[in-house]
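**Student:** If you scroll down you'll find the structure; I have some questions about it.
Taken together, the values in this text are just the output of simple stated rules run on the coordinates, not laboratory data. From a predicted model like this one, the values you see are computed outputs, not experimental measurements. Using ideal geometry, Cβ is built from the backbone for each residue, glycine included, and neighbour counts are taken over all protein chains shown.
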């Protein structure tokens with residue numbers, strides 16, 4: 001894969017789009033960079049507001065940034081086809097994270113121009129008659145970007161050339177980084193507090209910012225800053241500064257604020273609510289449901305509004321192509337057309353369907369995901385609602401409307417398989433009868449094994465490798481224009497990429513309670529988590545069994561929740577709930593558990609037929625808890641070599 005670098009420097013950048021203020025759907029009309037006077041008009045301010053939503057596509061669903069939030073954690077490592085974009089993020093000796101190779105550059109490159117646009121809206125909106133509610137949308141997004149930047153890089157600049165949090169209209173090639181406390185107390189908290197106060201309960205447009213969304217991020221920022229002040233493992237920060245709060249509060253005050261804001265949002269949900277089952281949260285037919293507070297939107301109805309091609313993905317933003325990364329090359333599967341014949345028939349074709357999609361094999365889940373995180377695959381529905389573990393024959397879709405020339409294929413044990421039946425299954429557990437694996441690609445052409453009496457090829461959890469592994473169903477594509485065929489599997493996903501969920505309020509409040517917040521009746525850490533765990537026990541559909549399954553295991557899951565909740569338990573629950581959604585690196589650095597939970601992992605190798613897991617050790621040092629400032633930013637600064645070195649995070653100079 002070609003390495004894609006985003007080179008940027010902090011200066012004046014205004015990307016705006018027009019919006020129809022009376023519509024409930026955000027309408028985008030992309031333009032070139034505007035003259036700053038455009039923000040002196042109502043259309044300019046409204047266009048700037050639309051660009052706040054549009055910029056999400058350059059971060060979320062962007063696979064290189066997605067990789068930076070997942071690879072190197074206990075949720076993901078590099079896959080067989082990975083290049084340096086992915087290996088460098090793994091810390092396992094196959095690459096090196098540097099200011100040039102870090103893919104957190106995507107966040108830096110997309111955020112600062114948006115922050116400056118937000119400042120332009122905030123400064124000019126009142127003069128052109130824009131309401132406080134609309135201005136609050138810009139305040140939310142400015143805080144949103146700064147919150148992600150400060151978590152990722154440490155202190156970042158509040159002055160982009162015209163003064164702190166001022167709209168800058170002139171290119172500037174000098175920069176000074178503010179400290180972490182300054183970013184939180186001058187930018188993140190004030191903007192979010194104002195957004196909570198001024199945003200509407202229901203969004204002005206579909207997917208628009210709301211009071212509940214702002215409360216989620218305010219609670220999360222309070223929680224994260226509380227951890228930063230406490231600093232239990234003595235992780236360094238930069239620019240170097242005492243771990244004291246300019247407003248005189250201690251970590252416990254912030255944990256209490258996090259709890260109070262999160263529980264207030266739970267008690268006052270507005271139009272938002274948990275979905276009845278975990279399957280309902282992530283199934284493509286239910287996108288933009290009431291649990292989703294924010295998403296980077298896409299659509300199959302129009303390339304213009306989708307922001308990218310509907311037939312072929314470019315492998316770059318603003319495509320939503322994150323789901324490709326953890327999709328293995330399942331079209332390599334082969335079956336035979338006659339009993340005992342040569343296995344040369346492609347029985348699982350590339351398809352624009354949620355269990356399948358476009359394979360890139362850049363990232364892979366370690367074995368511990370299946371043996372530890374998702375140990376319960378029977379009662380807890382979240383495993384079934386996260387992964388594709390059964391790959392079914394779909395060759396009949398190659399010529400929709402025409403009976404397939406091949407009515408059945410012959411698979412494992414030379415047994416027949418019809419369209420729609422399993423060709424390959426990843427088993428939930430290690431079988432009592434040992435699997436017969438080939439030493440190479442074998443008859444399946446992917447190195448899968450056989451069990452007596454089964455027509456499907458099989459791989460057990462301990463046989464998962466960097467080349468063959470369960471796919472990430474929850475992020476897979478969903479389209480309604482396949483017309484019975486394979487559709488457009490090479491296109492980027494036209495689904496929205498979910499960014500924020502109502503369910504996370506329960507986790508934030510529970511974590512704050514564990515950190516010492518005074519709790520409300522009925523909202524202890526255990527009680528909050530059991531709302532989520534109870535939902536996880538409810539089934540309405542067996543995804544990988546492809547059949548209705550109405551079952552309620554809530555009572556059993558709730559009873560199994562430990563009496564004493566720990567941070568480790570919350571992190572395990574967060575991984576079960578949000579696996580593969582871009583949360584994990586932030587969770588591990590916030591709680592300073594990255595080294596504890598991700599310093600080793602097990603996985604088999606890169607060759608088909610390799611089912612012998614090895615233990616891999618990562619070297620995660622304290623300075624790695626901050627990503628390097630992108631080299632493109634450093635190079636663009638018109639500063640001395642000494643000043644540039646001082647601008648960079650320690651360990652990366």
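**Student:** Any idea what angle helix 525-536 forms with the longest principal axis of the chain, computed on alpha-carbon atoms, 0 to 90 degrees, nearest 10?
**Tutor:** Result, in degrees: 40.
**Student:** Tell me, 55, 249, 148 in order of fewest to most beta-carbon neighbours within 10 Å?
**Tutor:** Final ranking by Cβ density, sparse to dense: 249, 148, 55.
**Student:** Follow-up question, since we're still on this one. How big is D, in µm² s⁻¹, for the range 378-497 by Stokes-Einstein at 20 °C and 1.002 mPa s if Rh is the Kirkwood radius over C-alpha pairs?
**Tutor:** Numbers: Rh = 16.1 Å.
Translational diffusion coefficient: 133 µm²/s.
**Student:** Expressed as an acute angle from 0 to 90° and rounded to the nearest 10, what is the orientation of the C-alpha long axis of helix 211-230 relative to the principal long axis of the chain?
**Tutor:** That helix lies at roughly 80 degrees to the long axis.
**Student:** If you average 1/r across every pair of different Cα atoms in the range 246-402 and take the reciprocal, what Kirkwood value do you get, in Å? Let's see the in-between values first.
**Tutor:** Details: mean 1/r = 0.0498 Å⁻¹.
Kirkwood hydrodynamic radius for the range 246-402: 20.1 Å.
**Student:** Using only the Cα atoms of the range 149-234, what semi-axes does the equivalent ellipsoid have when each is the square root of 5 times a gyration tensor eigenvalue? Give whole Å, largest first. Please list the in-between numbers first.
**Tutor:** Working: eigenvalues 124, 90, 18 Å².
The answer is 25, 21, 10 Å, longest axis first.
**Student:** Next up: Please rank 75, 351, 430, fewest neighbouring Cβ atoms within 10 Å first, as an exposure proxy.
**Tutor:** Working: 75 29, 351 24, 430 12.
Taking fewest neighbouring Cβ atoms as first place, the list is 430, 351, 75.
**Student:** Would you kindly compute the Cα radius of gyration of the range 145-189 and its largest Cα-Cα separation (Dmax), both in Å?
**Tutor:** Cα-based Rg and Dmax for the range 145-189 come out at 10.3, 28 Å.
**Student:** Can you classify the range 160-313 as rounded, prolate or oblate using the Cα gyration tensor, where a ≥ b ≥ c are the square roots of its eigenvalues, rounded means a/c under 1.5, and otherwise it's prolate if a/b beats b/c and oblate if not? Don't skip to the answer; put the middle values down first.
**Tutor:** Details: a/c = 2.05, a/b = 1.35, b/c = 1.52.
Judged from the Cα gyration tensor, the range 160-313 comes out oblate (a/c at least 1.5, b/c at or above a/b).
**Student:** Report the convex hull volume per residue for the range 82-226, counting only C-alpha atoms, in Å³.
**Tutor:** Details: hull volume 20.3 nm³, N = 145.
Given the Cα convex hull of the range 82-226, per-residue volume reads 140 Å³.
**Student:** With bins 10 Å wide starting at 0, give me the P(r) of the range 522-599 over every alpha carbon pair, in whole percents.
**Tutor:** Calculated over all Cα pairs of the range 522-599, the distribution is 16, 39, 32, 12, 0 percent.
**Student:** Still on this structure, please answer the following. Would you mind classifying the range 97-148 by shape? Square roots of the alpha carbon gyration tensor eigenvalues, ordered a ≥ b ≥ c; an a/c under 1.5 is rounded, otherwise it is prolate if a/b is larger than b/c and oblate if not.
**Tutor:** Details: a/c = 5.60, a/b = 3.10, b/c = 1.81.
Because a/c hits 1.5 or more and a/b exceeds b/c, the range 97-148 counts as prolate.
**Student:** Averaging sequence separations of C-alpha pairs under 8 Å and six or more residues apart, then dividing by the length of the chain, give the relative contact order as a whole percent. The partial results should precede the final answer.
**Tutor:** Working: 1430 pairs, mean separation 120.2, N = 653.
After rounding, I find 18 percent.
**Student:** Calculate log10 I(q)/I(0) of the range 60-135 for q = 0.19, 0.21 Å⁻¹, where I(q) comes from the Debye formula with a single equal point scatterer on each Cα and nothing for solvent.
**Tutor:** -0.76, -0.86
**Student:** Moving on to the next point. Expressed as an acute angle from 0 to 90° and rounded to the nearest 10, what is the orientation of the C-alpha long axis of helix 189-198 relative to the principal long axis of the chain?
**Tutor:** 80
**Student:** So what's the gap between the Cα centers of the range 166-180 and the range 43-121, to the nearest angstrom?
**Tutor:** Here the answer is 21 Å between Cα centres.
**Student:** Please compute the Kirkwood hydrodynamic radius over the chain, one decimal place, Å, based on all pairs of different Cα atoms.
**Tutor:** On the way: mean 1/r = 0.0390 Å⁻¹.
Result for the chain stands at 25.6 Å.
**Student:** Still on this structure: Based on the alpha-carbon gyration tensor of the range 309-455 and its eigenvalue square roots a ≥ b ≥ c, which shape applies: rounded if a/c is under 1.5, prolate if not and a/b is larger than b/c, or oblate?
**Tutor:** Values: a/c = 1.80, a/b = 1.08, b/c = 1.67.
It is oblate, given that a/c is not under 1.5 and a/b is not larger than b/c.
**Student:** Additional query: What is the Cα centroid distance between the range 602-653 and the range 333-378, reported in whole angstrom?
**Tutor:** 31
**Student:** Next question. Kindly state, as a whole number, the per residue volume in cubic angstrom of the convex hull around the alpha carbon atoms of the range 540-653.
**Tutor:** Details: hull volume 24.3 nm³, N = 114.
Measuring per residue, one finds 213 Å³ for the Cα hull of the range 540-653.
**Student:** Still on this structure, I have one more. Over the Cα atoms of the range 431-561, each weighted equally, I'd like the Debye log10 I(q)/I(0) at q = 0.22 Å⁻¹, rounded to two decimals.
**Tutor:** Computed log10 I(q)/I(0) values: -1.23.
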